Amino acid sequence: MAKVSDPIVINKTTVKNRITFAPTVKFDMAGPDAMVTEEHIRHYRERAEGGAGLICVEATAVEPGGRFAKNHLGFWDDTMIDGHARIASACHENGAVVLIQLNHTGITANPECGPAIGPSAVETRSGKTAKEMTITEIKAMQDLFVNAAIRAKKAGYDGIQLHGCHGYLINQFVNKKTNLRTDEYGGSVENRARFAAEILKRIRSECGEDFILSVRTVGADPELADAIAIAEEYVKAGCDYLQVSHGMSEAEPGLKSESDPYNTICAMGVQFHKVFKGRVPTSCVNSIFEPDQVKYLIENDLTDTVDLARAILADPGFPNAVLNGTPYVRCFECPRCQYGPFTPHKCPAEKKRTL
Ligand SMILES: Cc1cc2nc3c(=O)[nH]c(=O)nc-3n(C[C@H](O)[C@H](O)[C@H](O)COP(=O)(O)O)c2cc1C
């Protein structure tokens, strides 16, 4: 029986335990230059000190137009390497393995940052029509991801994660409603996965065999079977670690029983583990707030690692609390940390922690 404190090897890197800090954007930390700030370094250092075995740094834009908002972290220029190197060191000094999630918003682009572009000319959230990317633009976009990964390696990150879920560009290529293409980037599973798969192959060849390649992938889009087939393409292209979250479709019913101590999004990750077990480590996520939930998922071999976002935002020491049975401040499940880029969203649990 695996324990939460058991190490796990991803590619060739040993992660000291089974708890990971999920990528979580902090809008209030980056300025309009998208550079790493002292606040970022403090934030990630605290999460590493709190015991997370692996930290995935927040969705980071590969070009200015792909940001959620102007105060969103980026990695499109070599001048950004030093700041990221400080995040990587702060995590390493405290024993955590650290990846960085690379992203582009695509058709959900914030008009203040850049135009809505994507696999097809579909309607955007603001009622406008996105621009369909030409093959030349697709290749140029892939270059941006690869170049950001090369910078990530120079900064000392142990690997990268492609943001392949939550409706952003890679997810838009995967989803049949946003990808209506009839060329080699649309249609079949292989074609819809090709955009990200080609990026993975190129990063592998540029950054070497030991560099961890992860994808945060969809658990259903439209259904589990399709999502697993997409993930198989990523694995064929060199993906070493799958974190499973939601895409643009709801989880299908029947993936879990009423009594299971986890929700349907987490259940998709559990299903992935059954398929990829022994081949590629997988992680599940969503609404895991209790130490017993983490233990249940690991000790019953339902996942390789457990991804925690809000629990670790509320209390960076939550992983140590799970591992050692020590007290922690529980996430209030208020929506404040999810407020958008323009609203102050100081976590009230963090305040309680410092009183
Ligand atoms: C403030 C905040 C920022 C987030 N930013 C990201 C992100 O950058 N990339 C990502 O893949 N998911 C992001 N998410 C989603 C989380 O990683 C996670 O999947 C979600 O919060 C559910 O997990 P939880 O219940 O442990 O919070 C964010 C969530 C929150 C609350």
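The values are calculated or read from the model by the stated rules, or taken from the named source; none is laboratory data. Keep in mind that what you see is a predicted model, and the values were worked out from it rather than measured. Backbone-built Cβ (ideal geometry, glycine too); neighbour counts: all protein chains shown.
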Tell me which residues, restricted to segment 205-235, are more than 22 Å from residue 153 (Cα to Cα), touching a Lys or Arg at 6+ places or on another chain (Cβ under 9 Å) and assigned to a helix (DSSP H, G or I).
-> 226, 230, 233
Pick from segment 291-338, criterion free of Cβ contacts under 8 Å to residues at least 24 places away in the same chain and within 13 Å of the ligand (Cβ to nearest atom), ranking: surrounded by the fewest Cβ atoms within 10 Å (Cβ to Cβ) = 335
Subset of segment 1-39 that is assigned to a loop (DSSP other than H, G, I, E, B) and hydroxyl-bearing (Ser, Thr, Tyr) - its residue that is farthest from the ligand (Cβ to nearest atom) = 5
Subset tally (residues that are within 21 Å of residue 292 (Cβ to Cβ), more than 21 Å from the chain's Cα centre (by Cα) and either at pLDDT below 80 or acidic (Asp, Glu) (or both)) for segment 319-352 = 0
Out of all the residues in segment 174-204, which are among the β-branched types (Val, Ile, Thr), more than 16 Å from residue 161 (Cα to Cα) and outside any loop (DSSP other than H, G, I, E, B)?
-> 174, 189
For segment 229-262, how many residues meet the condition of being touching a strand residue (DSSP E or B) at 6+ places or on another chain (Cβ under 7 Å) and among the polar types (S, T, N, Q)?
-> 2
Residues of segment 15-38 classified as without any contact (Cβ under 8 Å) to a residue 60 or more places away in the chain and surrounded by fewer than 24 Cβ atoms within 10 Å (Cβ to Cβ), total | 10
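For every residue, the table says whether it meets (1) over 21 Å from residue 76 (Cβ atoms); (2) free of Cβ contacts under 8 Å to residues at least 40 places away in the same chain; (3) away from the ligand (no atom under 16 Å from the Cβ).
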residue: 147; (1), (2), (3): no, no, yes
residue: 151; (1), (2), (3): no, no, yes
residue: 154; (1), (2), (3): no, no, yes
residue: 162; (1), (2), (3): no, no, no
residue: 168; (1), (2), (3): no, no, no
residue: 180; (1), (2), (3): yes, no, yes
Could you tell me whether residue 69 is away from the ligand (no atom under 13 Å from the Cβ) and touching a residue at least 24 places away in the same chain (Cβ under 8 Å)?
-> no
Have a look at 238, 167, 269 and point out the one that is among the small types (Gly, Ala, Ser), under 16 Å from the mean Cα position of the chain (by Cα), within 23 Å of residue 20 (Cα to Cα) and in a loop (DSSP other than H, G, I, E, B).
-> 167
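For every residue, the table says whether it meets (1) farther than 21 Å from residue 174 by Cα; (2) in contact with a Leu (Cβ under 9 Å, 6 or more places away or on another chain).
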residue	(1), (2)
248	no, no
263	yes, no
266	no, yes
289	yes, yes
293	yes, no
316	yes, no
330	yes, no
351	yes, no
In the list 183, 240, which residue meets the criterion of being surrounded by fewer than 21 Cβ atoms within 10 Å (Cβ to Cβ) and at pLDDT 95 or above?
-> 183
Would segment 135-156 turn up any residue that is of a type in the set (Ser, Thr, Tyr) and surrounded by fewer than 17 Cβ atoms within 10 Å (Cβ to Cβ)?
-> yes
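Quick grid of which residues meet (1) over 30 Å from residue 324 (Cα atoms); (2) surrounded by fewer than 21 Cβ atoms within 10 Å (Cβ to Cβ):
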{"position": "40", "(1), (2)": "no, no"}
{"position": "50", "(1), (2)": "no, no"}
{"position": "69", "(1), (2)": "yes, yes"}
{"position": "73", "(1), (2)": "yes, no"}
{"position": "77", "(1), (2)": "yes, yes"}
{"position": "93", "(1), (2)": "no, yes"}
{"position": "101", "(1), (2)": "no, no"}
{"position": "107", "(1), (2)": "yes, no"}
{"position": "119", "(1), (2)": "yes, no"}
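Condition first: in a strand (DSSP E or B) and over 28 Å from residue 127 (Cα atoms). Now tell me which residues in segment 76-114 satisfy that.
Matches in segment 76-114: 97, 98, 99, 100, 101.
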